[in-house]
Amino acid sequence: MCWSLELIGQLDWHRFQELAAHLLARAGYLPELAWIRPDGAVALAMAHPLRPRRLEAMVQCAPWLMREIDARVIRDFHQTVTAQGVQRGIYVTPGVFREDARAFVRM
């Protein structure tokens with residue numbers, strides 16, 4: 001199967017979250033569902049196999065109907081990651097990041 005952004009964009013939110021978890025597992029991490037927000041965003045906790053009790057990163061899959069991610073969304077995610085005491089946050093979306101979101105990340 002050949003994956004493309006178009007194909008990924010056609011996945012439902014659950015399959016998209018499963019794909020993200022599968023790719024993290026193939027990269028050697030231990031992804032675990034952390035929560036599902038009311039707006040459909042899914043967060044995964046990511047641990048390393050050699051340090052399974054230590055949270056390496058939080059991975060958030062975008063709310064399914066949100067195709068443009070703006071700075072407000074990334075700022076909220078950053079606050080969540082910081083509140084969890086995690087050093088890294090990874091935000092995945094089949095959509096696009098608006099310029100204000102890109103600028104926030106570069107800060």
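Build a GNM of the chain with springs between Cα atoms under 10 Å apart, and of Ala57, Ala71, Ala43 the one that fluctuates most is Ala71. Restricting the range 13-93 to trypsin sites (Lys or Arg not before Pro) that sit in a DSSP loop and have at most 14 other Cβ atoms within 10 Å of their own Cβ leaves Arg67, Arg88. Calculated mean residue ellipticity, 222 nm, the chain: -11000 deg cm²/dmol, from DSSP H runs (n ≥ 4) at -39500 (n - 2.57) each, averaged per residue and rounded to 500. For the range 33-81, the gyration tensor built on C-alpha atoms gives a prolate shape. Its axis ratio a/c (a ≥ b ≥ c) is at least 1.5, and a/b is the larger of a/b and b/c. When only alpha carbons are used to place a centre, the range 67-100 and the range 10-64 end up 14 Å from one another. Asp76 sits with roughly 60 Å² accessible to a 1.4 Å probe, with DNA, RNA and ligands left out of the calculation.
Suppose a student asked you for the relative contact order of the chain, using Cα pairs under 8 Å spaced at least 6 residues apart; what percent would you report? Mind dumping the intermediate values first?
Details: 157 pairs, mean separation 23.2, N = 107.
Computed value for the chain: 22 percent relative contact order.
Summing Cβ point charges (Lys, Arg +1; Asp, Glu -1) relative to the Cα centre of the chain gives a dipole of roughly 420 debye. When Cα extents along the principal axes in Å is computed from the coordinates, the matching label among [x] 58, 34, 18; [y] 37, 35, 26; [z] 49, 41, 25 is [y].
Measuring with a 1.4 angstrom probe and ignoring ligands and nucleic acids, Glu32 comes out at about 130 Å² accessible. Only one residue of Leu44, Leu30, Gly9 has its Cα farthest out toward the positive end of the dipole of the range 1-78, where Lys and Arg carry +1 and Asp and Glu -1 on Cβ, and that residue is Leu30.
The values are calculated or read from the model by the stated rules, or taken from the named source; none is laboratory data. Computed from a predicted structure; not experimentally measured. Neighbour counts are summed over all protein chains in view; Cβ atoms, including those assigned to glycine, are modelled from backbone coordinates with ideal geometry. Protein only, heavy atoms only, side chains kept; ligands, DNA and RNA dropped before computing areas. Shrake-Rupley method; radii C 1.70, N 1.55, O 1.52, S 1.80 Å.
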